[in-house]
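K.L.:
Quick one: structure below, then a few questions.
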């Protein structure tokens, strides 16, 4: 094997290794994932760099493409999401640290919305965890407070009489505990009675609550019947025709009242007893006349109740009608005779 062949084989192997490394890294892969852009706005992105991964449940679903400053001095992060991954619009994006002092990544916590983020969409819900510097500052404050507390305890317990004051305090606490124990033992019966009474009160309250629930259900049922138009009250509430009829009745009553107020004669009749008694007398006379007519008294009464008079009156009218007809027929003849007699003379 000559040197040229060896060099060629070496170059070929180097190229193969380079291609494999490129595919593994993902920069020059043959099957690169298709992506679509989305944006997120954070108050700060300290430590976040372009190329940082976006993860859902620990699985990479995209990466940070660019970071820019917004007009309100917030940070706008543009990321590329794998096209096969759908992100709900209520997803929460938060910046996290991989490990204790590792690189910054973006964690996506999917929401429950069925609407998915489209191309160029914006994730409105973002969270920024406290920075390491902030946590260290808080730890420093806590440490300082602990130091002050320890110093105060040392001042209270240290020095002359410190232990004696602590012993006195413990003795007083023991005395208080003993007194409380004695009171409880002496009033054990009373405490039992109080507990029983409280139990009874609780039972009564439960019964009252149950009854109130029943009353509430009854009220709800009545209200439901009224709203559905059942019963007299329900029909009155829901039926417009009843309201219209009632309104018409009130209008008619108002008109009648107005007429009564404007009618002088009727007011006089209502206020003058003489007119009232005259009207009663007239009514009685009309009643007597009606009774006489019904009993056949008088000429008009006999005419109304006596069939014979009715037949005679009918015959008379018929005879009068026949006589009138005869006179009507003879009148031309009489006139003609008179004319001829005058001529012949």
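K.L.:
Tally up the residues in region 77-87 that are closer than 17 Å to residue 124 by Cα and surrounded by 17 or more Cβ atoms within 10 Å (Cβ to Cβ), please. Spell out how you get there, then give the answer.
P.N.:
Step one: list which residues in region 77-87 are closer than 17 Å to residue 124 by Cα, which gives 77-81, 86-87.
So of that shortlist, the ones also surrounded by 17 or more Cβ atoms within 10 Å (Cβ to Cβ) come out as 77, 79-81, 87.
Selection size over region 77-87: 5.
K.L.:
Residues being within 44 Å of the chain's Cα centre (by Cα), touching a residue at least 24 places away in the same chain (Cβ under 8 Å) and part of a strand (DSSP E or B): count how many of those fall in region 36-95.
P.N.:
25
K.L.:
Does at least one position in region 146-166 carry a residue that is more than 20 Å from residue 55 (Cβ to Cβ) and at pLDDT 80 or above?
P.N.:
Yes, that holds for at least one residue.
K.L.:
Report yes if residue 101 is outside any strand (DSSP E or B) and either farther than 18 Å from residue 111 by Cα or modelled with pLDDT of 85 or more (or both), otherwise no.
P.N.:
For residue 101, the condition - outside any strand (DSSP E or B) and either farther than 18 Å from residue 111 by Cα or modelled with pLDDT of 85 or more (or both) - is met.
The values are calculated or read from the model by the stated rules, or taken from the named source; none is laboratory data. Keep in mind it's a predicted model, so treat the numbers as computed, not measured. Cβ atoms come from the backbone with ideal geometry, glycine included; neighbour counts cover every protein chain shown.
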